[in-house]
1. Which value, in debye to the nearest 20, describes the size of the charge dipole of region 535-649 about its Cα centre when Lys and Arg Cβ atoms bear +1, Asp and Glu Cβ atoms bear -1, and nothing else is charged?
2. Can you run phi through the Karplus equation (6.51, -1.76, 1.60; θ = phi - 60°) for region 401-417 and list ³J(HN,Hα) in whole Hz, with x for Gly and Pro?
3. In region 139-248, which chymotrypsin sites (Phe, Trp or Tyr not before Pro) fall in coil by DSSP and have 12 or fewer other Cβ atoms within 10 Å?
4. Considering only the other residues whose Cβ falls under 12 Å of the Cβ of L634, what net charge follows from Lys and Arg at +1 and Asp and Glu at -1?
5. Considering only the other residues whose Cβ falls under 14 Å of the Cβ of L320, what net charge follows from Lys and Arg at +1 and Asp and Glu at -1?
6. At what distance in angstrom do the alpha carbon centres of region 595-660 and region 86-159 lie from each other?
7. At a probe size of 1.4 Å, how large is the accessible area of L483, to the nearest 10 Å²?
8. How do the peptides 39-52, 266-279, 429-442 rank, highest first, by the average count of neighbouring beta carbon atoms within 10 Å per residue?
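The values are calculated or read from the model by the stated rules, or taken from the named source; none is laboratory data. As the structure is a computational prediction, the values presented were derived from the model and not from experiment. In this analysis, Cβ positions are derived from the backbone assuming ideal geometry, glycine residues included, and neighbour counts consider all displayed protein chains. Side chains are part of the model used for accessible areas, which takes the heavy atoms of the whole protein and leaves out ligands, DNA and RNA. Shrake-Rupley method; radii C 1.70, N 1.55, O 1.52, S 1.80 Å.
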Amino acid sequence: MKRILKYMAAFVLCFSLTNCDDYLNTTSPENTDDDFVTSTVSETAKTLSWAYANYRQNCLMGIYAWNDPISSDVEHYPEQNSANNINARLKPESLAIDAVSGGFNNLYSTISRTSKIATLIAEKNDYKSAVEAHVANDWTQLYGEAMTLRALCYFDLVRHFGDVPYGYENSYVNEYALTSRFEIFDVLIASLKEVEKLMYDIGASKGITAEKMSRTFANALIGQIALWAGGYQTIRTDIPDLYGDVQFTTKGDEKYGCKYARRSDYQSYYTIAEQYFDAALNAQKGSVRLITTDERSYANNPFQRHFQYLHDLEVSPESLFEGGILQGTTPAGSQTNEFGYAFGRPSGGGSANAAPPKVFAAVRIVPTFYYGSWENGDKRRDASITVTASDGKGREVLLDPTPGNMLKGGISINKWDMNRMNPPYTTSQRQSGINWGIMRLADVILMQAEVKAELGKSAEAISLLNQIRERAFGDTSHNISGLTGDELKAAILLERKYELLGEGQVRWDLIRSGTYSESAMAVRAEMNAMFRGLETDGYYTFSNGNTISQYIWVKNVQKSQPLTYDSDVNDPALYPGWRGVYDYSSTPAASVVVTTDNNLAIKGLFNYINPAGPEAAALEADNYIRTAWGATFLANKDTYLENILSGIESATTPPRYYWPIPGETITMSKGLITNGYGMPQP
């Protein structure tokens, strides 16, 4: 086999490893390399930093971050007939076999590096003495970082590929096969249990922030892996004895050589999850906190405050782990930034020197969720979702629901907005420096609520759920009470949609809860009902009272503060809130700004205005422009229905959300590995 993945000790040479194309071929370093790597804590940390960088840049990336944020009943991809969202539509038979080979191989590259570092640290006397004394020191912390990042990479592999090869790193092998995901889960949980107790909590000491693996995150990761191990997932039926003696409860049909199932002893894994989520939320919480107050004089939205830390290029106190990004890196493109570009509020600006630069905006929001799901007073809606964009010339414009990207594609995610940086980065696209958020405390609180509900501890689950709702509404008036069983579980899953929209979690929640296929059918039924109303009546009113209409009315106006914050229902330029644009007149991109009327006033967004009636006439006399809105959604009905989980044919279809294992890995396995789920073979 080719020797591709050669372990290099010198940090300045590590980036030569990022083009590896065969994760199994590794060589052992020379003894002088080993000695150099572990000569000091700082040298070992430098080498480990390559693994962090490779994970962030070459593993999290891929086709819009593996399609995680655009493959649910509330999130979708905006383009028509694109290959970028085949996986998000759940049509894996149409994928190229090497569609995400880069991400697959680099996850194994990161595993190889972290495993080697951990092996070398384990031979250090200072490490051994700390383990014997049951105390944490800098060496046990570094060992824990390496092993936790290794576990995170394997967890990503299993979630995205299913059963994968395990344990071959840094060794020569002539044959390799798939390992049961359930075996991998068990080994990862056991390994993390051993290392977490000798790691530092976030903020406790030694500069451990959310940009590094910590005991806090390791505990939360144990809980997350255990929650996933006990949840529903699509498993293979085409490989006899792959799962050994694990017994399953199944849902729906067996099709494409797979079925939707959860292990019968799932509650034992929920018990593990409960224990370690509790550690992350309490004893090992460190400095992490749920942001419940907003100290800003110009805004009152503690939920949005978390995202503002990221815009300010600061680590959020709510984060357990963030992928660290540098702004404007050299050479250009060495650190691309998807949360400013692919997952941000849209911008039609150019690639450089724009106000702000181009934002592709791959995450769009299903209109029935935007209109029909939210309760009045929820501070998360406007801070999470927007109907306007930046034109790249310092002006706010209405998003066009026509399929496309940037200013087209319809309702968009709003959690990351280049306008909200301090100051906005106008130099180049994909270089903003916004950190890659991976896990935050609200996510852990709601995962623990899910676990408590599954274990029948309804009162504890409701208490956790209400922590999040109290922040969202600013008081206790929207707290829930009295729910149990399936109703409580459904309420928690819905809360996770409100809280974690666009962050790549909703898809996994639907899968794990066993509701993915039913949710796919339900959202398409809701979309069809909306389309029928728009076609028949010119509008459609949802159960919460919100109405989407064929037409709305807009005009550009001037605001003294063009970047807007909390909403004001009496001002059409401030409702919905959290939009507008930054004042780019004092930035390096000032020359591209074309007008001072930079804000967009909107009328009729949530209520029906008869286009032939007196209100419409008055608006048009006041220079408002009648603009197709619901009519454009309706004209593109087929594309919207195709992009929203169309690969699920019925409520009993097993969801096929995996990516194909790359062709080279299959070919070199000598027939021991194949792709399942109807995916392509080499």
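1. 240 debye
2. These are the phi-based 3J(HN,Hα) values: x, 4, x, x, 9, 6, 7, 9, x, x, 3, 10, 5, 10, 6, 10, 9 Hz.
3. Those that pass, being in a loop and sparsely packed, are Y172.
4. -1
5. Computed value for this residue: -3.
6. 43 Å
7. Counting only protein heavy atoms, the figure is 40 Å².
8. Packing proxy ranking, top to bottom: 429-442, 266-279, 39-52.
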